1. Across peptide D:28-36, what mean number of C-beta atoms from other chains lies inside 10 Å of a residue's C-beta?
2. Which residue in chain B puts its Cβ closest to the axis that rotates chain B onto chain A, and at what distance in whole Å?
3. At residue A:88, label 7 Å along Cα→Cβ: distances to the other copies, nm, ascending?
4. Roughly what would the spin-label model give for residue B:82 and residue D:5, points 7 Å off Cα along C-beta, in nm?
5. Any idea what the residue D:63 label distances to the other copies are, label 7 Å down the Cα→Cβ vector, nm, shortest first?
6. Taking the Cα atoms only, what angle lies between the long axis of helix C:35-47 and the longest principal axis of chain C, rounded to 10 degrees?
7. Based on the Cβ-Cβ distance of residue D:58 and residue B:93, what FRET efficiency does E = 1/(1 + (r/R0)^6) give at R0 = 56 Å, to the nearest 0.05?
8. Based solely on its DSSP helices, what 222 nm [θ] is calculated for the protein assembly as shown when runs of n ≥ 4 H residues each add -39,500 (n - 2.57) and the sum is averaged over all residues, nearest 500 deg cm²/dmol?
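Bear in mind that the values in this text are calculations on the coordinates, not laboratory data. Here the structure is a predicted model, which means the values were calculated and not measured. With ideal geometry, Cβ positions are generated from the backbone for all residues, glycine too; neighbour counts draw on all protein chains shown.
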């Protein structure tokens with residue numbers, strides 16, 4: 001049985017962090033004044049997890065503005081997210097992103 | 001058919017906010033350094049919702065400290081929450097809390 | 001200090017259940033084959049909570065069909081939900097719904 | 001710039017699925033009668049996602065029984081989960097699990 005390389009383990013851990021972030025925080029209620037506070041809280045929440053070197057979260061202001069409902073707020077959606085997380089496992093450093101893919105119309109998670 | 005009073009509608013809205021907060025944010029990863037950022041983000045997220053006058057969120061430092069795992073973090077649990085939300089609907093102002101009930105061993109939501 | 005009536009407590013509990021359901025299950029991945037399983041699981045999950053008499057969950061097939069991405073699935077959104085929950089507290093029975101309001105373009109929670 | 005192997009991409013995708021499952025469904029309310037319905041809904045929800053070959057979810061009955069509160073229910077916790085997901089990307093098939101690690105006292109996600 002083969003043993004996983006550091007890079008393989010790092011990519012597995014990276015996937016965990018991205019999947020977790022997405023399903024933990026989407027659905028949170030935001031408006032233009034409160035989204036920055038959520039960006040920072042997500043970054044910090046991710047950084048508390050094992051193997052994370054850095055995390056950067058940006059919520060698309062234009063998409064939020066477009067989605068504000070009659071009550072002046074909206075929910076965080078995957079398509080509003082621009083995320084970059086760096087993970088280190090052993091000697092391997094990897095980075096992954098969540099970014100809306102216009103062609104696929106899909107918030108794609110990918111290895112950078 | 002009777003029409004609901006402002007107070008009845010306010011209490012209904014208050015329940016929505018507490019139930020939503022609980023199930024949106026529990027599970028988020030925290031440590032002693034990051035929990036304050038999450039407290040502020042939850043407060044701001046709640047305040048973005050209709051009829052909310054104020055929201056105050058405190059995460060129990062002792063319970064977090066006790067629950068830190070081998071990797072130095074834990075998940076936000078309902079029992080760590082001390083929350084107070086004020087809602088106004090029409091002429092009615094109501095407040096509700098989430099607070100751990102030691103006797104019931106349960107994070108109780110109640111009308112203040 | 002006034003004491004809350006059974007009806008007031010029932011409406012507060014009803015709001016909790018609706019807010020909780022919404023923020024627990026939206027974001028779950030579904031397709032046309034799997035949504036029925038989620039409908040039943042949500043109903044059962046709600047029915048496990050205190051004071052709940054009944055719960056009925058319907059996910060809008062047309063809205064799911066429209067939202068299927070290039071990979072053949074989508075996420076459960078609040079606007080896809082048609083929910084009815086009955087709660088009893090003491091002598092008071094109340095029912096509440098989540099239903100997409102076309103005019104408001106909003107998944108409105110209301111007392112029935 | 002090196003290109004990722006199929007196995008690396010598969011492990012990244014596997015991580016995403018495990019992280020997503022965990023943070024989507026933990027917190028859901030369950031009792032002994034309703035947990036099976038949630039198990040099936042989680043399995044089906046995961047199976048709707050790209051690259052998933054199979055998913056198996058078991059919720060630990062003993063841990064649920066121990067955690068039932070005074071109202072007869074509890075919330076799904078990561079430590080109650082026994083999960084196995086198989087993912088295929090290109091020519092690479094990988095499997096990952098979530099299983100409670102007694103020594104670490106931690107719901108560990110690992111590559112099988």
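1. Average per residue, whole number: 6.
2. B:41, 2
3. 3.8, 5.2, 6.1
4. 5.3 nm
5. Spacings between copies for this position, smallest first, are 1.9, 3.3, 3.3 nm.
6. The angle comes out at about 10 degrees.
7. Result of the calculation: an efficiency of 0.75.
8. That calculation yields -11500 deg cm²/dmol at 222 nm.
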